[in-house]
Amino acid sequence: MPAVAETLDTVQAATEGGYKWGFSTDIEMEMAPKGLNEDIIRLISARKNEPQWLLDWRLAAYAVWLKMTEPEWAMLNHPPIDYQDLHYYAAPKKKAGPKSLDEVDPELLRTYEKLGIPLRERAILAGVEGADGAPADGDRPQVAMDAVFDSVSVATTFKSTLAKAGVIFCPISEAVQEHPELVRKYLGSVVPTNDNYFAALNSAVFTDGSFVYIPKGVRCPMELSTYFRINARNTGQFERTLIIAEEGSFVSYLEGCTAPQRDENQLHAAVVELVAFDDAQIKYSTVQNWYPGDSEGKGGIYNFVTKRGHCRGARSKISWTQVETGSAITWKYPSCVLQGDDSVGEFYSVALTNNYQQADTGTKMIHIGKRTKSTIVSKGISAGHSNNTYRGLVRIDRRADGARNFTQCDSLLIGDQCGAHTVPYIESRNPTAKLEHEATTSKIAEDQLFYCRQRGLSEEDAVGLIVNGFCKDVLKELPMEFAVEAQKLLAISLEGSVG
Amino acid sequence: MLQINGLKASIDGKSILNGIDLTVPQGEVHAIMGPNGSGKSTLSYVLSGREGYEVDGGTATFGGQDILAMEPEERAAAGLFLAFQYPVELPGVNNANFLRTALNAQRRARGEAELDAVQFLKLARAEAKRLSMPDDMLKRNVNVGFSGGEKKRNEVLQMALLRPKLAILDETDSGLDIDALKIVADGVNALRGPTFSALVITHYQRLLDHIVPDRVHILAQGRIVKSGGPELAHALEAGGYAAFVPEAA
């Protein structure tokens, strides 16, 4: 269906102002004291009944982190983060650990309801009753969700359908218990603990996240989805996601985020690792709309994320698609290491900043294998007083004969107080490589706005329409329902940016 | 009914309209002809509410409403449509989506039920067919990569779908070959009826052979200098503007 029309409908409905999903849930929390030290890490590990090797791994990461300093090369400004002023562990109080949604705190379920993420979430909640192998609801694609509420995963659905296919999809804390050999083999194999400051921190204190394993030759029967919510005051969120696609398998993974409104800045430092073997494909889609701070730039999430995919096998393919509209600060470069011959990496990104948001985001494509191919399409939209930077690296290794890259970076400016920056790095060590880079910067033209308004669209709806048009090349890479949600977000995020 | 009294307007401090008096009764089609720089396009922009055009005096009402006080989108919802001389491109915006969004925005503003995708597509396809437009024009991005003739036909398609009470056609004939001109004229003529008025702005008589106006007005130096029946356009074609506008000679 024409999602643009629906986008505009939603904007109408959502113009009460403010951050639509800015509420918090009143659930008893169990929290570790503030601060970070070895004891806190031991506590986290103990609470999760982790094996010794994982505790050792965390402690080693912590030791590395202590020697590192925060990176300063990004075009971002923020007050210093006091890492001792955060809680590193918070869990909703639970009796035994819910096995089904019936056992989940009703308040928690109401939170999901309030999130109001329309199509998918409701399908999932409704689907829980007959989730055991029940066929998909009509024309709606099946989606399985692993819901992360603060630090503990409380509801996992569609598990049995997935189990029949041999797919493992569970909280990573559970995977540590149930599939320790897989976790141990792959954890940190794409993003090593010493990769960067935030990855080291995550490795030391990660609390939960998702684990996905697709066996050889299996096409995952549904899209896998995780919702993240940051819900505890001063709780840093350190998600850890690990996806392994064995030879010839396929998986599409969706990640969407909302967070309650907060006055204080909240830190988020996730790590996502993807591994694709011969002929395997991983499609990873993100819609990120964490609280961006108010119109004065107060509050908002600090989002320092390390996402990397490793195309280990020949002809493997990893696609990152992201729509970033939230967070006060975004520091994020989903990357692909193209090791297998003929492997393919893709990065499709929309980053929208408004008010005083700052985004420094892009990708790295590391070409190692022969005839490896990468595509980068980045659309940056800046409004208000925001700053939006694309930062990307394309590196062609000496051995990567016939490697190819195509990069397109487009920036759209709304108003005259914002900034758009493009910082592409290209390193080629192989003369047979072909690299293309295109970049444009434009403004929404007055005649475009007038044309739309003459046809009956309000100015904000017109901007939403034009922006969605600008982002089309990226939005079409998203799964259908996610694309609808993303379009709504883009329009909502631009409220108040014109006029 | 459109009623304009003593309308004065300027752009960047330069006076363009110097007191326009014009009445277009409901159901009538009026033509405005005039040499370049006479204020034809400015009149269409002032009536439709484009930014940058300053109204310095006079009034303009449409169906009794003071349209000069309304936002452009409010004027659109009230039934005013401007067919652009230079239709604007909207990259990445699907033509059908754009039209449906516009139509539903207007319907919403008027308190009417919105059309769902199926209802809309049925309507749009029927109108496109009537205007000899290929279906794929609905699937393409708004005016992107359209030829001059396609752009103008797209304007007429939008007009047909939005069913305005008053259409202002700003030199819609410019850049059209004779076949496209006929299609455009047929599109306008199909809408003619007791509830449809039009202001056809043109430089040449040619279009008026196909859209025969009830009245013809000659605009020069920001004023209507002569009004008459369709024969006035023929006189103009024969004698040029010089007969009516000595300074333009």
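Brief remarks follow.
- Across A:HIS421, A:HIS268, the residue with the most accessible area heads the list, and the full order at a 1.4 Å probe is A:HIS421, A:HIS268.
- Sequence of A:LYS476, A:LYS48 from largest to smallest accessible area, 1.4 Å probe: A:LYS476, A:LYS48
- Between the residues A:ALA351, A:TYR390, A:SER428, the greatest Cα displacement towards the positive end of the dipole of region A:284-430, with unit charges on the Cβ of Lys, Arg, Asp and Glu, is found for A:SER428.
- The mean number of Cβ atoms from other chains found within 10 Å of a Cβ in peptide A:456-463 is 6, as a whole number.
- Rolling a 1.4 Å probe across all protein chains gives B:VAL46 an accessible area of roughly 10 Å².
- Counting heavy atoms of the protein chains alone, A:PHE277 has an accessible area of about 50 Å² for a 1.4 Å probe.
- Largest to smallest accessible area among A:THR193, A:THR422, A:THR361 [probe 1.4 Å]: A:THR422, A:THR193, A:THR361
- Förster radius 56 Å - calculated FRET efficiency between B:ASP135 and A:ASN77, Cβ distance, rounded to 0.05: 0.60
- Neighbouring partner chain Cβ atoms per residue of B:103-116, average, 10 Å criterion: 3
- Within straight-line cross-link reach of A:LYS317, lysines at Cα separation under 16 Å, skipping those fewer than 8 residues along the same chain: A:LYS216, A:LYS283, A:LYS307, A:LYS364, A:LYS370, A:LYS373
- The mean number of partner chain beta-carbon atoms within 10 angstrom of a residue's beta-carbon across peptide B:80-92 is 5.
- Cross-link pairs exceeding 29 Å between alpha carbons, from the set A:LYS164/A:LYS185; A:LYS298/A:LYS443; A:LYS488/B:LYS122; A:LYS34/A:LYS298; A:LYS67/A:LYS379: A:LYS67/A:LYS379.
- Annotation: B:GLU28 carries an accessible surface of approximately 60 Å², with a 1.4 Å probe and no ligand, DNA or RNA atoms counted.
- Region A:31-74: chymotrypsin sites (Phe, Trp or Tyr not before Pro) in DSSP coil with no more than 16 other Cβ atoms inside 10 Å: A:TRP73
- A straight Cα-to-Cα reach below 19 Å connects B:LYS152 with the lysines B:LYS40, B:LYS129, B:LYS139, B:LYS182, residues fewer than 8 places away in its own chain not being considered.
- Helical segments meeting 18 Å axial Cα length and Kyte-Doolittle 1.0 threshold in chain B (DSSP H): B:178-191
The values are calculated or read from the model by the stated rules, or taken from the named source; none is laboratory data. Predicted model, so just to flag it, every value in this text is computed and none were measured. Using ideal geometry, Cβ is built from the backbone for each residue, glycine included, and neighbour counts are taken over all protein chains shown. When the accessible area is computed, the model is the full protein with side chains, heavy atoms only, and any ligands, DNA or RNA have been set aside. Shrake-Rupley method; radii C 1.70, N 1.55, O 1.52, S 1.80 Å.
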